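Report on one structure; see the data block that follows.
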Amino acid sequence: MRKRIQPHIMCGVGDVEKHVLLSGDPKRVERIASFFDESRKVAEYRGYVTYTGSVDGIGISACSTGIGCPSAAIVVEELARIGAETFIRVGTAGGLQPEIEIGDLVIATAAVRADGTTRNYISIEYPAVADFNVVSALIRAAEKLRRKVHLGLVWTSDAFYAEDVEVAKRWSEANVLSVEMECSTIFTLAGLKRLRAGAILAVDGNLIKGVRKGEFEPGEKTGELDERVQRAIEEEIRIAIEASKILERKSQTITSLSGPSLVFP
């Protein structure tokens, strides 16, 4: 029987491992793969780049989602069809709390579903929650690598240039830590498909402080180009890989009825 290829990511069964790190930026996928012990580019098509490799004998893949929930949904759908079980978003976000600084890391526990994509899947009452075990693994990995992180809710927005400061303030008052553009869809689809998902995000601005991505002069290091953000991205990649290793080791001995989840003691 011939291998069937997914139409957007151009991958089929056997091309990706069950642990997949997701990044909006295709270039960051290449950067993630550089941390693998060995890796190969599986496919590159329509902005979707996929690498597969291993770390300490554990299979792991990385795939770009593009920007926003519609694109992320395509990737999660197609990866799930070919055997992916655990998704960790390795991305960036804008801070929404005054104590969150550029270069900080946020581990998302759940996402505010302010996107339009997930409403096509299920009513708004369904929560976009990160898998408890993925969150726990990310926390353990951060502790092992001695990296301080913020833990809490994120706001998933559909429109980068329409993010209103007053709306941001309301979410800030509701103790939402940061704003980004993909988590709600990744979490919702993983939940509906009985898979696992989580996210770790490098902070590259802060809407509450009036610091956000914008125009800049050539050569100016601002936003994601800020050296603090670049260091944070490297650290979140290491944490996500370590978390995948933790999950794989645990899943070899424990599973749950709801899917390939596990409960840490």
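Give me the number: length gained by fully extending GLU143 to ASP56, i.e. 0.36 nm times residue separation minus the C-alpha to C-alpha distance, one decimal in nm. Walk me through the numbers on the way to the answer.
Details: separation 87, 0.36 × 87 = 31.32 nm, distance 1.92 nm.
Stretched out fully, the GLU143 to ASP56 stretch lengthens by 29.4 nm.
When the helix-only estimate is applied to the chain (DSSP H runs of n ≥ 4, each -39,500 (n - 2.57), divided by the residue count), what is the mean residue ellipticity at 222 nm, nearest 500 deg cm²/dmol? Let's see the in-between values first.
Numbers: 6 runs with 78 residues, N = 265.
Calculated mean residue ellipticity at 222 nm is -9500 deg cm²/dmol.
Below 8 Å, C-alpha to C-alpha, sequence gap of six or more: please give me the relative contact order for the chain in percent.
Values: 595 pairs, mean separation 59.7, N = 265.
Taking the mean separation of contacting Cα pairs over the length of the chain, I get 23 percent.
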* To do: Measure nothing fancy, just the Cα-based angle from helix 132-144's long axis to the longest principal axis of the chain, in degrees from 0 to 90, nearest 10.
  => 70 degrees
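Express as a percent, rounded to the nearest 5, the fraction of DSSP beta bridges in the chain (both residues included) that run antiparallel.
Details: 23 of 52 bridges.
Antiparallel: roughly 45 percent of the beta bridges in the chain.
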* Rounded, prolate or oblate: which fits the chain, taking a ≥ b ≥ c as square roots of the Cα gyration tensor eigenvalues, rounded meaning a/c under 1.5, else prolate when a/b beats b/c? -> rounded
* Structure fact -> Under the Karplus relation with 6.51, -1.76 and 1.60 and θ = phi - 60°, whole-Hz ³J(HN,Hα) for the stretch 123-130, x at Gly and Pro, equal 4, 5, 5, 6, x, 9, 10, 5
* **Listed residue pairs exceeding 28 Å between alpha carbons, taken from LYS209/LYS245; LYS144/LYS250; LYS3/LYS250; LYS27/LYS169; LYS148/LYS250; LYS148/LYS209** => LYS209/LYS245; LYS3/LYS250; LYS27/LYS169
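Since every read-out is calculated from the coordinates, none of them should be taken as a lab result. Predicted model only: the values in this text are computed from it and were never measured.
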